[in-house]
1. Only one of TYR94, TYR139 is modelled with pLDDT of 90 or more, aromatic (Phe, Trp, Tyr), surrounded by fewer than 21 Cβ atoms within 10 Å (Cβ to Cβ) and in contact with a strand residue (DSSP E or B) (Cβ under 6 Å, 6 or more places away or on another chain). Can you tell me which?
2. Could you say which residue among ILE110, ILE51 is of a type in the set (A, V, I, L, M), over 12 Å from the mean Cα position of the chain (by Cα) and surrounded by 20 or more Cβ atoms within 10 Å (Cβ to Cβ)?
3. What residue, among those in the stretch 119-159 that are aliphatic (A, V, I, L, M) and assigned to a loop (DSSP other than H, G, I, E, B), is farthest from LEU56 (Cα to Cα)?
4. Quick test for you: out of TRP28, TRP102, TRP43, pick the one residue that is touching a residue at least 40 places away in the same chain (Cβ under 8 Å), among the aromatic types (Phe, Trp, Tyr) and surrounded by fewer than 19 Cβ atoms within 10 Å (Cβ to Cβ).
Amino acid sequence: MRKALIVGLLTLSVASSAAADQDTLPPWTHLRPLSPSAIDLVWESMSRSSIVEDLLRQLEETGVVVYLTDSMPGAVAGPVSHLVYLSNDETTRYLLVRIDRWRSTPFERIALLAHELQHALEVAAAPEVRDAQGLAKLYRRIGWENQKDKFETEAAQMVGAQVRKQLTKGPDRRRAALSVATP
């Protein structure tokens, strides 16, 4: 099942890369958006938040690759974003970040991306995490469990809050544009 999911993600990644103009793809190799709207989220986040840009730079220095989707089919309640451990090989660990674009504003999606990137960096700093059980063990050690198998850390919450604050300090036109939810 896990291998089928990874093959599916890689297929989506290649398809979305082929569909997008090469000039529009983000320059990051360790963050791989899986749709045109996820690519747009990365570009928007980088242009509006130096914190997100710094998190992406840090991620590039790790042995972690993060697939990003802004789709959470069937989700009507619960977290609007989360990180999942997918797989690993000898040198790389693969994670999936999901952000629900239907239940969050563009403004909030930028903060959610920062929050989840912080989680990815927490995983990168813990080489013992090699599967979903290792991920749960890490988060029980450095954070807490909100719901069954849903974890949180103070660092990720702080990063999200810092990005929200950074975004609200932008020009009024940016705040107005970000407050309108567009899927």
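1. Numbers: TYR139 fails: surrounded by fewer than 21 Cβ atoms within 10 Å (Cβ to Cβ).
Result of the check over TYR94, TYR139: TYR94.
2. Working: ILE110 fails: over 12 Å from the mean Cα position of the chain (by Cα).
Of ILE110, ILE51, the one residue that is of a type in the set (A, V, I, L, M), over 12 Å from the mean Cα position of the chain (by Cα) and surrounded by 20 or more Cβ atoms within 10 Å (Cβ to Cβ) is ILE51.
3. In the first step, residues of the stretch 119-159 are kept if they are aliphatic (A, V, I, L, M); the result is 120-121, 123-126, 129, 132, 135-136, 138, 142, 155-156, 158-159.
Narrowing further to those that are assigned to a loop (DSSP other than H, G, I, E, B): 125-126, 129.
On the way: ALA125: 15, ALA126: 18, VAL129: 20 Å.
Once the filter is applied, the top-ranked residue is VAL129.
4. Values: TRP28 fails: touching a residue at least 40 places away in the same chain (Cβ under 8 Å); TRP43 fails: touching a residue at least 40 places away in the same chain (Cβ under 8 Å).
Result of the check over TRP28, TRP102, TRP43: TRP102.
The values are calculated or read from the model by the stated rules, or taken from the named source; none is laboratory data. Everything numeric here is computed off the predicted structure, so don't read it as measured data. Glycine also receives a Cβ, built like all others from the backbone with ideal geometry; neighbour counts cover every protein chain displayed.
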